[in-house]
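**Q** Sending over a structure as structure tokens; questions will come in a sec.
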Amino acid sequence: MKFGKIFVTVFLFCGNVFAQSNIDFTQIEHYSSRILENNYYRNQDLHYVTTENTMVYSNDWELVGTEEKNMLMENCYLTITSDHYLMIGKNDYWVNADDLHISESSLFHKEIVYNQIRPEHEWVPVWYDEVIKCQGDDFKKVVYKYAPFLEGKWLPDAECWWYEDYTFSYPCVFRFQNTYLCLTTDGWGVQEFLIEKIIERNKAYYINCKSIGFYIINIKTMFVILKIFPG
């Protein structure tokens with residue numbers, strides 16, 4: 001489901017630090033034995049550039065080789081695999097989306113970027129510091145103050161309220177990479193964005209991106225969250 005282009009501004013005074021690591025995808029047990037040919041997204045004007053020793057995979061998740069730094073990849077797709085990894089490439093030639101950046105675009109500082117293989121840290125709104133300091137159910141008042149659309153939220157498949165399961169503990173999470181942006185809301189709604197341009201100016205990043213998410217969330221809710229993020 002596409003909602004068109006969206007502009008996101010990211011300031012550098014909030015969030016957490018991310019660790020980078022280069023892990024072989026063949027070491028991961030995938031839900032599917034193949035990278036399925038669905039959920040493909042492309043902007044023909046986008047050209048991607050490899051990082052150092054970038055690993056390349058086939059549709060069967062076999063490691064077929066590596067590419068040197070600064071190799072240009074043209075006319076490629078960003079795809080979301082069945083087990084929710086984001087890859088970029090085409091025709092049995094796929095690269096971890098984390099290992100690429102967009103040509104002629106700014107790059108996020110290394111302390112901002114998210115690692116989808118080792119997701120140790122994520123960005124949350126600064127007001128969530130108040131939630132962490134709460135005891136018992138007191139945190140619900142803080143959450144509902146800043147995110148009133150979550151009040152009474154219930155997840156049928158989880159059979160619990162979102163705050164009763166650690167998987168759904170954060171009502172708003174951002175994941176920034178140099179090729180994509182991911183936003184989760186109410187612990188369940190997930191929205192991916194294909195980044196088309198990153199501009200760094202005056203200690204802030206301005207992101208031109210296009211919605212490509214595979215989970216559908218209320219677009220009005222998403223813009224409410226963007227409005228209150230980071231503060």
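Laboratory data are not the source of any read-out in this text; all were calculated from the coordinates shown. Please read these numbers as outputs of a predicted model, since none were measured by experiment. Ideal geometry is used to build each Cβ from the backbone, glycine not excepted, and the neighbour counts take in all protein chains shown.
**Q** Just to be sure I understand the model, the point goes 7 Å from the Cα along the line to the Cβ. What's the resulting Ser103 to Glu74 distance in nm?
**A** Inter-label distance under the simple model: 0.6 nm.
**Q** Quick one: net charge around Asn53, please, counting Lys, Arg +1 and Asp, Glu -1 for every other residue with C-beta under 13 Å from its C-beta. Intermediate values should be presented prior to the final figure.
**A** Values: positive: Lys69; negative: Asp24, Glu52, Glu67, Glu68, Asp99.
It works out to a net charge of -4.
**Q** Just to confirm a number: summing +1 for Lys and Arg and -1 for Asp and Glu over residues other than His84 whose beta-carbon lies under 13 angstrom from that of His84, what do you get? Show your work: numbers first, answer last.
**A** Working: positive: Arg175; negative: Asp83, Glu192.
Here the count lands on -1.
**Q** Continuing with this model, one more query. Past 28 Å, Cα to Cα, is the threshold; run Lys141/Lys203; Lys90/Lys197; Lys110/Lys145; Lys69/Lys197; Lys141/Lys210 against it and keep the listed order. If you can, show how the numbers build up before the last one.
**A** Values: Lys141/Lys203 33 Å; Lys90/Lys197 21 Å; Lys110/Lys145 32 Å; Lys69/Lys197 20 Å; Lys141/Lys210 33 Å.
Beyond 28 Å between Cα atoms: Lys141/Lys203; Lys110/Lys145; Lys141/Lys210.
**Q** Turning to a different aspect of this structure: Could you compute the FRET efficiency for Asn202 and Leu36, with r as their C-beta to C-beta distance and R0 at 41 Å, rounded to 0.05?
**A** Details: r = 42 Å, r/R0 = 1.03.
It comes out at approximately 0.45.
**Q** How far, in nm, would the chain grow between Gln44 and Lys140 when pulled straight, counting 0.36 nm per residue and subtracting the alpha carbon separation?
**A** On the way: separation 96, 0.36 × 96 = 34.56 nm, distance 4.48 nm.
Full extension from Gln44 to Lys140 adds 30.1 nm.
**Q** Here's another thing I want to ask about it. With r as the distance between the Cβ atoms of Asn53 and Ile28 and R0 = 22 Å, compute the FRET efficiency 1/(1 + (r/R0)^6) and round to 0.05. Walk me through the numbers on the way to the answer.
**A** On the way: r = 18 Å, r/R0 = 0.82.
About 0.75, to the nearest 0.05.
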